[in-house]
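Student: Starting off with a structure, shown below.
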Amino acid sequence: MDEWLQVLNGVAMELEDTASAMLRDIKVCTELTEAIVDTDFILMLDELRRNPNETRLHWNERKVQHYTNYGNIINEVSDRCHHIY
């Protein structure tokens, strides 16, 4: 996990170097529920690699389940957060 956290921190530094006026803050997190609290925009960098001898169908089914899980967590957290604008 340390190696992946270093990679994520490197990506964060690259984004900070762009100095975009729209970029207010960057959070590097390994837990999705922690990452999405109080956010307006989420950029998720994730990949599910195809296992050796895995059919394309099974790989796609794993990806659907994986990203559906992300969607469910995002919906759950957003339902608990009430924003007043």
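The values are calculated or read from the model by the stated rules, or taken from the named source; none is laboratory data. The structure displayed is predicted, hence computed values, not measured ones. When we count neighbours, we look across all protein chains shown, and the Cβ atoms used for this are built from the backbone with ideal geometry, even at glycine.
Student: Would you tally the residues in region 26-45 being closer than 22 Å to residue 2 by Cα, without any contact (Cβ under 8 Å) to a residue 24 or more places away in the chain and part of a loop (DSSP other than H, G, I, E, B)?
Tutor: Of the residues in region 26-45, 6 are closer than 22 Å to residue 2 by Cα, without any contact (Cβ under 8 Å) to a residue 24 or more places away in the chain and part of a loop (DSSP other than H, G, I, E, B).
Student: Tell me, which residue of region 46-82 that is loosely packed, with under 12 Cβ neighbours inside 10 Å and among the hydroxyl-bearing types (Ser, Thr, Tyr) is nearest to residue 5 (Cα to Cα)?
Tutor: 68
Student: What residue, of 9, 60, 51, is within 17 Å of the chain's Cα centre (by Cα) and without any contact (Cβ under 8 Å) to a residue 40 or more places away in the chain?
Tutor: 9
Student: Looking at (1) in contact with a Lys or Arg (Cβ under 9 Å, 6 or more places away or on another chain); (2) modelled with pLDDT of 80 or more, which is the only condition residue 39 fails?
Tutor: Just one mismatch for residue 39, condition (2).
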